[in-house]
Structures are given as structure tokens and as C-alpha cells.
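Engineer: So that we are looking at the same thing, I have put the structure below in C-alpha cells.
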Amino acid sequence: MSRVVIIGIDGLDPFLIDKWRDVLPNFSSMYSDLPQSVLESTFPPDSICAWTSIFTGENPAEHGLLESIDYLSAKKIKNDESRSSYIKGKTFWDIAGKQGKKVCVINPFLAYPAWEVNGVMISGPVFEGGALSAFPEGFVEQYHFPQLGGIVDFPDKKKLPEFITRTQSITEELAETGLKVYQDYDYDLFFITFLTLDRIKHFLWRFTDEDDIYYPGENPFQDSIKQFYVLFDKIVGRYKSSLRDDTTLLVISDHGHGRRCQKCLNLNELLRLKGYLSTSGRGATGALKKIIEKTKVLTIAFMSTFGFQDWIYKIAKFIPNRKALKKSTYLIDKASSPVTLSNVCGTNPFGGMDISAGSAAEYEKLREQIIDELMGLNSTLGANAVKWAVRREQLYRGLHEKRLPDVLFELDGEYGVGMDLFTPLSSRNYTHKKISGGHKKEGILLIYKNSEGIIKAKRPESVMGVKDYVLNLIAAY
Ligand SMILES: [Zn+2]
């Protein structure tokens, strides 16, 4: 039916396209209205999980890759080839290649190192530094590719101007080089991914949003995010005007991105108060740990309030077992706690609980109780803080279902999961000053077709439908 060009933009948000459409002529030409453009992300709407679903068509219970990136941790996530070896061979470009289509894939998230495809594949390391990888080897030597892959930046406030400039030039270089590759060869499927917009939004959101609690007033970064949307609009325009005949252009994101939660719902504390979670250490040790926890909560609140947020992370580097301190796990006696917060939880609205019980009946009873406790918070707090809470199989079924938490929930967008103990149930999110942009579950899919043919394939509603959609588009070409 059609050749396909896909521009993947991590974190491209349909609500912002809608808001700024007057200055985004190319996005606008592919956009009709909000409901028509939303592509639902996975639960949780994290890059690893959602891109894997885009590539393979599998839901999170089927692929089981639920790891999220902690932007507050200066420690880089290790390159783990098990993730990419799971994806290898299963992606839409692998399948298209096996059907004889010529493919070119540039900078696919996680898919590193590059593997053999029917065409070209170029990727960068997932998180840590590392060399660019290409199939066929040596293909990249004729081009000038910038740094690729999921670079995790961690800029201090004073380094933001440099961060913006560098991120912009990486984006422009990748767009330029990608277009050159596209024009030099004739591919049936061309797929290029940009990971830069998401990072800009994580760090710069509060400077651009007057409604943000930490909006500093007029500032030099005021329009930084909008300027990146304008930049991406120009990039999409350049690709659009270079399309060959009979080509469908897709612009796609793995999730949306907007203001990160400004409050925390302290669910460890809820579990403790309700008797599901036991704290460790009795007597003097227990008392000392309680003091450490309270000191931690107060110190972070103080430093953040008085503008020392960059120092929290500098100092934290010297604390051994800082993750345990951050998540308050040093205080929790896991063996005697039937319900604990899942690793899926972060300071965002999407989370889960792990449950351990002696029998299947007890397990089900506990799950029901926890769902009731979570939903009951809405009357306690007098706000709709918890949108929904369900048993995991109500959301997704699949081979790796058990990697999902036993109970899943979504909070209101103003709340993230708080891990602190001995603290009020609801508190301010003090990490918001450092990371003020957060993922939203509404991603985007924009479609443009430059031929007379009719697209018979049905537009997908969620990221899981992208693979089949793309394969349908190119099947008859
Ligand atoms: Zn992402």
C-alpha cells in the first residue's frame, strides 16, 4: 500500500501541539483535534515499557520490561543486553525485513547494539556512554552522526543554558544526517527516533509554566520548550517535503509529557498506619531510624525551599545506600510486611503494590482490601487523589504478568507516590524543583499520506497497535 517514514519523538505531547498549533504549521497539517491524535501509552507510561510495546506490539505483561529511568539518580542505568536481546528479531522492522522490505532504522530506543536487518540499523548505547553501533558495520563512516542513545543528563541550574544548546545541536545534527541517509537510498520503511525533547521537558518545565508552584517568574528559559516544539515542527516539515511518492509519514511518541506532580501521596505511610507495613528495628535502633527518616524529610524540604535543590543530589552521592534512604526501605521490615510499594513506583501517578500472603485466598482478600484502602483515600483526603486501583490481570494479561505489581493504580496527575514514613499522608513534592516535567499517558500519532491510495489499516488507539498498523501499511507495497 505504501512506503512508510516514521519520526519517533520521545515525549511529544498532544496537548502542547494543540496549544501551540498556530506556530507549528507542519504538525498542524497532520493534526485535526485532540481525541483524533492521542495514542495511548502503556501503564506505566515509561520509555522502556512503551517503546518496547511500539516495536513489538506486545503489552507490558507480555514483554515484562517495566524498568523506569530515575532522573534523580546521578547513577547511570547499566546497559543490559537482555533488554535488547528480548526485542531483537521481534520488531516491526525485523518483520518487514523478513517480508523482503528494505528498512532503515536510526536511533531506536533500547535496541543496542544494532543487529542484522534487511537494510541499515544504527543505534546508540542505552544509558551509559559507549560507541555508536551499526549494521552493516562501517555504514556510519560516510555520515556525521551525533551522539545517539538514551543519554541521561543531570544538569544543575547553572548548566541549563549549555544543556539546551547541546541538546539542540544533537537534535539538528541527527535530523540532518538522518535526512541525508533517507535521500541517499530508497527504503520501504524508514524509522528515526529523537530522544532529546523528553529530557528538555524533564528539566525545564517549571521555567515555562506560570501555573507551576516553582515557576521562578520571567526568566531566560521561558520559551525553551516551545522553541523545541518549533524546532521539531521544522524537522518534520523537512522530512515531509522530501517524501518519495506513495509514502505515509507517521509522527509518533511513546508517551506525553507535561507538568510533573507537585504533591506526594505518602503510600508507605498509609500502609504503616493501616498495619500492612512493619518498620524495622526495635528499641533504640528503631527510634534512631525514625529520627533519621524525619531528619531526611525535613532536610530535603528545607534545602528545596531555600534553593539548594542542586546540593541535595551532590551531597546524596556520598551517602552509602542512598537508594534505601530515598525510598525509605532501610526502615521497612519486608519479611513481616504483607503489602509493600512496588519498584514500579516513582514520584509520578502510576504505581503498584506487591502483596505476599500464605494462601491464594488470603492473597485475594488482601488485594481487595488494598484496592478499598486506596479508593478510600479519596474520602479521607477530600480529593480525588486516586483515579483507580485494580488487580493487575484486569489491566494486562501475558506471559510475564507476574512482573507487574499485584495491585496497580493511577493517582490524579497532581500526585506522585511518596515513599517517606512518619509524615503526613499528603505532602509537597520537593523533588519537583529539580525534575518538573513528567510523563503523561497520552502520547501522539500523526499521519500524513502523499499518495492517492486509501489507507485501509485502522488507526491504532494505543502504542500496542503501532506494529500491526505499520506492517499493514507497507504489506502491499
Ligand atoms: Zn519516553
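Engineer: I need the P(r) histogram for the range 119-239: all alpha carbon pairs, bin width 5 Å from 0 out to the longest distance, whole percents.
Structural biologist: 2, 10, 18, 21, 17, 13, 9, 5, 3, 2, 0
Engineer: On a 0 to 90 degree scale, rounded to 10, what angle separates helix 224-241 from the longest Cα axis of the chain?
Structural biologist: In the chain, helix 224-241 runs at an angle near 30 degrees to the longest axis.
Engineer: Can you put Thr56, Thr285 in order of Cβ neighbours within 10 angstrom, beginning with the fewest?
Structural biologist: Ranking Thr56, Thr285 by Cβ neighbours within 10 Å, fewest first, gives Thr285, Thr56.
Engineer: Moving on to the next point. Can you check what the net charge comes to around Val23, using other residues whose Cβ is under 9 Å from the Cβ of Val23 (Lys, Arg +1; Asp, Glu -1)?
Structural biologist: That sum, taken over residues with Cβ under 9 Å, equals 0.
Engineer: Please state the charge dipole magnitude for the chain, taken about the Cα centre, from unit charges on C-beta atoms (+1 on K and R, -1 on D and E), reported in debye and rounded to the nearest 20.
Structural biologist: 1320 debye
Engineer: Please name which of Asn348, Leu381, Ala324 has its Cα lying farthest along the dipole of the range 263-434 towards the positive end, using unit charges on Cβ (Lys, Arg +1; Asp, Glu -1) and the Cα centre as origin.
Structural biologist: Ala324
Engineer: What list of ³J(HN,Hα) values in whole Hz, one per residue of the range 56-64 in order, does the Karplus curve 6.51 cos²θ - 1.76 cosθ + 1.60 (θ = phi - 60°) give from phi, with Gly and Pro shown as x?
Structural biologist: Along the range 56-64, the couplings run 9, x, 8, 7, x, 6, 7, 8, x Hz.
Engineer: Would you mind counting up the charge near Glu62? Only other residues with Cβ under 10 Å from its Cβ, with Lys and Arg at +1 and Asp and Glu at -1.
Structural biologist: -1
Engineer: A further question on this structure: Percent relative contact order of the chain, based on C-alpha pairs within less than 8 angstrom and at least six residues apart?
Structural biologist: Relative contact order comes out at 29 percent.
Engineer: Based on the mean of other beta carbon atoms within 10 Å per residue, what is the order of 389-396, 6-13, most packed first?
Structural biologist: Result, highest mean first: 6-13, 389-396.
Engineer: Quick one: compute the contact order of the range 263-434, relative version, from alpha carbon pairs under 8 angstrom and 6+ residues apart, as a percent.
Structural biologist: Reported as a whole number, the value is 39 percent.
Engineer: Continuing with this model, one more query. Please rank Arg206, Arg397, Arg260, fewest neighbouring Cβ atoms within 10 Å first, as an exposure proxy.
Structural biologist: Arg397, Arg206, Arg260
Engineer: While we're on this one: How much mean residue ellipticity at 222 nm does the chain get from its helices, if each DSSP H run of length 4 or more adds -39500 (n - 2.57) and you divide by all residues, to the nearest 500 deg cm²/dmol?
Structural biologist: Per the formula, -11000 deg cm²/dmol.
Engineer: Still on this structure: Could you give the angle, 0 to 90 degrees to the nearest 10, between helix 283-305's Cα long axis and the longest principal axis of the Cα atoms of the chain?
Structural biologist: That helix lies at roughly 50 degrees to the long axis.
Engineer: If you place +1 on the Cβ of every Lys and Arg and -1 on the Cβ of every Asp and Glu, how big does the dipole about the Cα centre of the range 263-434 come out, in debye to the nearest 20?
Structural biologist: My answer is approximately 820 debye.
Engineer: Which Cα, out of Gly416, Leu195, Gln168, lies furthest along the positive dipole direction of the chain (beta carbon charges, K/R +1, D/E -1)?
Structural biologist: Highest projection toward the positive end goes to Gly416.
Engineer: Which ³J(HN,Hα) values in Hz, rounded to whole numbers, follow from the phi angles of the range 357-364 under the Karplus curve 6.51 cos²θ - 1.76 cosθ + 1.60, where θ = phi - 60° and Gly and Pro get x?
Structural biologist: Residue by residue, the range 357-364 yields 9, x, 10, 4, 5, 4, 4, 5 Hz.
Engineer: Sticking with this one: For the chain, report the % of Cα-Cα distances exceeding 45 Å.
Structural biologist: The share of Cα pairs beyond 45 Å in the chain comes to 13 percent.
Engineer: A further question follows. Write down the radius of gyration of the range 263-434 and its Dmax, each obtained from C-alpha positions, in Å.
Structural biologist: 16.5, 50
Engineer: What number comes out for the charge environment of His255, summing +1 per Lys or Arg and -1 per Asp or Glu over other residues with Cβ under 15 Å away?
Structural biologist: In short, -4.
Engineer: Further, regarding this structure: Under the Karplus relation 6.51 cos²θ - 1.76 cosθ + 1.60, θ = phi - 60°, what is the ordered set of whole-Hz ³J(HN,Hα) values for the range 197-214, x standing for Gly and Pro?
Structural biologist: 4, 4, 6, 4, 5, 4, 8, 10, 3, 5, 6, 10, 10, 5, 8, 6, 4, 9
Bear in mind these aren't lab numbers, they're just calculated from the coordinates by the rules spelled out. Bear in mind that the values here come from a model prediction, so they are computed numbers and not experimental data. Counting neighbours? That spans all protein chains shown, and the Cβs are built from the backbone with ideal geometry, glycine included.
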